[in-house]
Amino acid sequence: MNAKNAKEFFQKTWQSFKELWNKQVIQRTSRISYHIIWNIILFFIAIALVGGFFVAGLGAGYFASLVDDEKIQSEEEMASAIYNYAETSELYFANDVFLSEVSADLLRDETTLDHVSTYVQNAVIATEDEYFNTHNGIVPKAVLRAVFQEVTNASVQSGGSTLTQQIIKNQILTNEVSFERKAKEMLLAMRLELFFEKDEILEAYLNIVPFGRNASGQNIAGIQTAADGIFGVNADELNLPQAAFIAGLPQSPSYYTPFINGGGLKNEEGLEPGLTRMKSVLSRMLEAGYINQDEYQKALEYDIVADFKQPEESQSEKYPYLMQEIQKRAIDKLVYVLAEQDGYTKEEIDTSETLKEEYEIKASREISSNGYKIHSTIDKDIYDAFQKVAAEYNNYGQDKLARNEKTNKAIMVEDPETGEMVQLGKQPVQVGSVLIENSTGKIISFVGGRDFDTSQKNHATSVNRQNGSTMKPLVAYAPAMEWGVVQPGSIIADAAWAYPGGYSPGNYSGRFYGLTSVREALYRSHNATAVKVYSQILNQNPVEQFLSKMGFSSLVEGDEEYRSIVLGGITNGVTVEENTNAYATFGNMGSFVEDYMIEKIETKEGEVVYQHESEKTEVFSPQTSYLMLDMMRDVLTRGTGTAGRANLTNKSVDWAGKTGTTNSFKDTWFIATNPNVTLGSWMGYDYNQQLDKGYSSRNNTFWAKLVNAATEIRPELMAPSNKFESPGGIVTRSYCAVSGLLPSEECGKLGLVNTDIYNANFVPTKKDYSLIQDSYATIDDEVVLAGEKTPDEFSDGNGFSFNPDWLKDMGYTKLSNIKQLTAGKGGAWEKIKYPNEQEVSNDGKAPSAPGGLKLNKQKLSWSKSNSSDVVGYRIYQASNPDDKNFKRIGSTTETSFTIPSSKAVYQIRAVDYYGQESSGSNVVVQGDFSEPEPEQKEDNKEQPNNNNNGNKEQESEQNNQNQEQNDNEQTEEQQPNEQTPDTQQDNQDSQ
C-alpha cells in the first residue's frame, strides 16, 4: 500500500468511529462488559476466600495431626534435653595432669556465651537467622518459602530453619526429612522460645553445632573446640575474619572445613569454598549493620589462611597404648556404676552376658558423649621416660619372619588395598612392662609395646604368655614355706625324678645338681627342684589356695594338676600386669592389693561417680614373704638376675626378684620388687618364635634401664633408703647341707654345715642322720662296709657314706642313678660314699693276679684282676732281677702307682675282701743292672792289630747291647720322686 492509499484508509476508519460514538453504541457496550467482569471477579474472590479458609482449616488440621503424638514437654524437660550436649570426656594422668579428650567420633568442649567473641555471635545470626532477635521460634515467611520449594520441587534456599529450630532438631528430634518432623520442630521451637532467653538459645546453639574438622583431622563441634582446633585460640579471642570463617562452616562442615580427613591443610582448590563462604558471611554482616564498610574491606583483605592451625600429632597418636587402656578400663568401671543406678548388682552383671554387653554399650556411649573427667594413676613423666627407653633401647634382638607355630609356614595377611593375601614381613621382638606401687596397687607406668603401628596389642596388660620360672615362688616355694614343708635351708635332690605320665623335668643347663638347698635352687633357677617341691604340696592345691588370690584371671580348672605349672605351664598364660601384681604381694609382706589404673571418674559438674578404694587380701604370712624376699635378693646378687643389678645406677636399693624363661626360649621375664614398687618386664615375639641367645641378659638390662629412668624422676619412690624389714618370728639356724636337718658330728667333720634363716615355727628339730662314719672298702667302685678280715690298708677307717636308712626315707633309692646326689659337687662331697648293703661272699680262693704291668717314667700301671671281690693291690719290690725276695712297699685301690727313682724290680699282687692275696704279676725293671766291662792290662796294648780289632768288635757289640737295654728302659723312666717308700705308703693310706 502506497502513502496515498494509507491516508484514504485512515480517514474512512476515523469517520466510522465517530458515527458509532455519536450513536452511543460504544458507551452502552462498555457498561455491560464492566458489570459482567466485576461480577466475575467478585465471584472468584468469594471462591478464593472460601477456599483459603478451607485450605487453612485443612492445613491446621493436618498440622495438628502431625504433632498429635508429640508429648508437651515441661521447661525442665526441655532444658535437660537442650543442655545435654554430646560433650567429649577428658582423660587425665595422675595428679590432674591433662592427657587428652576421649578418642570419639566428635570432639566437643562446652563454653558460655560470655566467653564467645561478639563477632561470632553476630556472624552466626546474620548468616543463619537474620530475624533471630525478633521471631518467636519460627519465621512464617521462611516456612512458606520452604513449603513452596517442597511443593514445586524448586532448588532449596537457605534460611528455612531458625537457630531455635536447629537446636530442636539436634537435641530433641532427629534429622529425618518429613513434614511430621518439621511440624514438631516448629511447635517445639515456639515452645522453647517461651522458656529460654535469646542469649540462652544462642549459647546452646554455639555449643551444639558441628564445625567440620580440626587441624588433626578430627571431627569437632562447639565454638570453643572450633576456635582452638582451627585457629589455636579461645572462642573469645576470635577476630572478625576468623569469626566469619567459622560462622560459615555449619551450613556444610565437611565441604567448607580447611582441613583434610586425617589432618593437614587442604590444597588451594580445596580451601576456596570455605574462603568464598567467609566472604558471604562478611557481606551479610555488612548488610545487617553488624560491621561497617571499613571493617568489611579489611576483613576481605585479611590473610585468613595464615591463621589456620598447623597439623599436630593428636594425643591418641602420641599415647595410643595409654589412651586405649584408660578408655577400656573407664568403660569397665562405668558398666557397674550404670547398672547399679538401674538396680542391678555386680554379681548379676558378671553372670549375665546379655546384661554385661548392654551396659558395656551404654558405658561406651556415656564416655564418648557425656563429658566425664577420667583420672588415671599414670605418672606422666615416668610414662614418657618409659616410652623413651623402649624406643631407644638397641639390644632387643633381630627381627624375624613371622611363622605359624604348628606348620612353620609364613603368616599370610590380607592386603588392605588389593584384598590379596600377602606374606607378613619380619616382626620385631616385642616388650611389655608394668610398674606398680605395692601399698596401693597403683599402676604408675607401663610399656605396651615398641610400635603401635606394628602391633596394636598391649603387651603389658592384654597379652597372655606362659611365665616360665617366675611362677616358682608364687605356686611352689612360697606356698610350701607357708605350710612348713620347706624353708630356705631345706635340702631337695635336684635329680631326674620320674612322675606319673612319664614327666621328668630337666634343667636349663642339661645337667642335675644333686642335694641342693631351696635357696640355691631358687637363685640358680633349678627346674627339677621346683617341680619336686610342688609335687610335695600338690594335693593341698596351692593354685586355689594362693595363686587364684593374686589376680590371675585366666586360670582354668585342671591347671593345678599339671606339675609343669610351676615352670609357667599355665593353660592360658598370664599378662605382665598380672604377674607383676602377684609379685607385689611379696613387696607388701604377703598382702595382695589388686592393681588399678582408674583413680576416679567424675561428671562434667564435678560429681564423683566412681572412686577407687584399695583393699588388701592376706595371701602369705609376713614371715613367708620375708623369707621369699631374702631368697630372691640372691637372684640379683649371685643368681640369674645379676645383669639387672649390674646395670642399676643405684645398687644400694633392696631389690628382690626372679627371672623366667619358657620352652624353646620364646619368652623371657624379669620381675623384681623393692619396699615401694614392683616392676615386671617381658620380651618375646608376637608369633612365638625363639629368642636369640642372650635374651635373658637383654631383658634384665632393659628392666634396669626402666628403673634408672624412673629413679631420675621419682627417686623417693623408686629408690627407698629403707630395706625390707624382718617381721619378727624369723630365726637363724645351722643345718646340714646333706639333709637340711640339724648338723650332726659327721656333717661337721666334713665341713658341710651351712646357716640360713627360718620361720621360727618351722625350724629343723631333728638331728641329721644322713651320714655314717665307718670303715669302708671299695669293690669295683662300689662302697661296702669293711669286714673283719678286710685289710686296713684298703679300708677307710674314718670314711663317710650315706646312711641307707636315710636314703630310703627320702625316696632317693628310687632314682635311676642315685649318684646324681653328689654328681659334680666336688670338695667334701667327694668323700661321701654310696654304701652297698649286699654281703660280699667268700669263695675261699685267692684272687687272680693282675696283668699287663708296665713302667713309664716312674709310674707303674696294670690291668684289673678278673676276680670280683678285689679291694686293692699291693706293690712289691726286689733289689735286682736275681733277687727273689720281694718286699711290699705300698698298696693302692687304683691300678697305678708311682715308684722312687732308684734301681729295682717291681711286681703287683691283688688282695680280696677277705685278705687273700693273688700270685704276682709280671715284673718290670727300673734302672741298668748290666755288669761293667773289665779293665784292659797294659801288655795287651802290644797285641797284634787283629786282636785289637777283635776286642773292639766285642766291645762294640757289648755297647750296642747296653744301649738297646737303656733305650728300652728309658721309655718307662720317670723324673726323680722326692717321696720315700715310707712316706708314699702313708700318703696312700690317708687318701
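Quick look at the values:
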{"quantity": "Residues that are free of Cβ contacts under 8 Å to residues at least 40 places away in the same chain and not in a loop (DSSP other than H, G, I, E, B), drawn from the stretch 598-626", "calculated": "Val608, Gln611, Lys616, Glu618"}
{"quantity": "Filter result (under 16 Å from Ala521 (Cβ atoms) and either buried (at least 17 other Cβ atoms within 10 Å of the Cβ) or in contact with a Gly (Cβ under 7 Å, 6 or more places away or on another chain) (or both)) within the stretch 813-827", "calculated": "Gln820, Leu821, Thr822, Ala823, Lys825"}
{"quantity": "Selection status of Asn699, under 17 Å from Gln430 (Cβ atoms) and modelled with pLDDT under 95", "calculated": "no"}
{"quantity": "Considering residues of the stretch 91-123 that are in contact with a Phe, Trp or Tyr (Cβ under 7 Å, 6 or more places away or on another chain) and at pLDDT 90 or above only, the residue nearest to Tyr290 (Cα to Cα)", "calculated": "Asn122"}
{"quantity": "Of residues in the stretch 690-746 being over 22 Å from the mean Cα position of the chain (by Cα) and polar (S, T, N, Q), the one surrounded by the most Cβ atoms within 10 Å (Cβ to Cβ)", "calculated": "Ser739"}
{"quantity": "Filter result (of a type in the set (Val, Ile, Thr) and surrounded by fewer than 10 Cβ atoms within 10 Å (Cβ to Cβ)) within the stretch 396-413", "calculated": "Thr407"}
{"quantity": "Residue that is farthest from Asp494 (Cα to Cα), among those in the stretch 824-833 that are modelled with pLDDT of 90 or more and part of a loop (DSSP other than H, G, I, E, B)", "calculated": "Gly826"}
{"quantity": "Selection count where residues are part of a helix (DSSP H, G or I) and either of a type outside the set (A, V, I, L, M, F, W, C) or touching a Lys or Arg at 6+ places or on another chain (Cβ under 8 Å) (or both), scope the stretch 551-575", "calculated": "7"}
{"quantity": "Close pairs from the stretch 255-273: first buried (at least 18 other Cβ atoms within 10 Å of the Cβ), partner part of a loop (DSSP other than H, G, I, E, B) and aliphatic (A, V, I, L, M), Cβ under 6 Å, at least 6 apart", "calculated": "Phe259/Ala215"}
{"quantity": "Criterion: of a type in the set (A, V, I, L, M, F, W, C) and more than 28 Å from Glu90 (Cα to Cα) - qualifying residue of Leu282, Leu355", "calculated": "Leu282"}
{"quantity": "Matching residues, the stretch 194-249, being touching a strand residue (DSSP E or B) at 6+ places or on another chain (Cβ under 7 Å), part of a helix (DSSP H, G or I) and not β-branched (Val, Ile, Thr)", "calculated": "Ala226, Gly229, Leu249"}
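The values are calculated or read from the model by the stated rules, or taken from the named source; none is laboratory data. For clarity, every value in this text was computed on a predicted model and none was experimentally measured. So basically every Cβ, Gly included, is an ideal-geometry build from the backbone, and we count neighbours across all protein chains shown.
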